[in-house]
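What follows is a short report on a single structure.
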Amino acid sequence: SERGSTFYGAAVKVQSVADIRRAYKKVVMLDPSATHVMAAFKYKSPQGRIMCDYVDDGEHGGSWHVMQNILDGNYIGVACFVVRHYGGTHLGVRRFNHINTAASSALYKLYNR
């Protein structure tokens with residue numbers, strides 16, 4: 001949390017776009033008051049291709065940082081979401097520190113239980 005904004009992450013193992021959509025809907029359903037839900041994913045398609053993408057949801061540049069955590073950890077078969085509740089004060093580039101922390105924490109918890 002910083003200046004009224006709060007950030008947290010969630011990560012799930014996925015194998016398809018359908019899995020990613022289900023996970024995204026669950027995150028949004030569990031926290032409908034979230035201002036932004038940044039998402040990034042990487043998985044292997046049935047044809048063997050690596051599929052990855054990310055979505056900012058209005059938090060310009062935020063989901064790229066979520067994706068960087070997936071790429072840096074060399075994770076495959078995962079979707080990671082970072083939720084932000086905007087507190088009314090712009091944080092500038094400091095918000096990326098919070099996004100990175102939330103994403104790395106969620107991925108760590110998923111893979112190190």
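The values are calculated or read from the model by the stated rules, or taken from the named source; none is laboratory data. This one's a predicted model, so the numbers in the text were calculated from it and none came from an experiment. All Cβ positions, glycine included, derive from the backbone under ideal geometry; neighbour counts span all protein chains shown.
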* How do the pairs read when you match residues in the range 8-20 that are closer than 17 Å to M67 by Cβ with residues anywhere that are surrounded by 14 or more Cβ atoms within 10 Å (Cβ to Cβ) and of a type in the set (S, T, Y), using Cβ under 7 Å and keeping only pairs 6 or more apart or on different chains? -> G9/S105; V14/Y43
* Asked: Is at least one residue of the range 35-43 modelled with pLDDT of 95 or more, of a type in the set (G, A, S) and touching a Ser or Thr at 6+ places or on another chain (Cβ under 7 Å)?
  -> yes
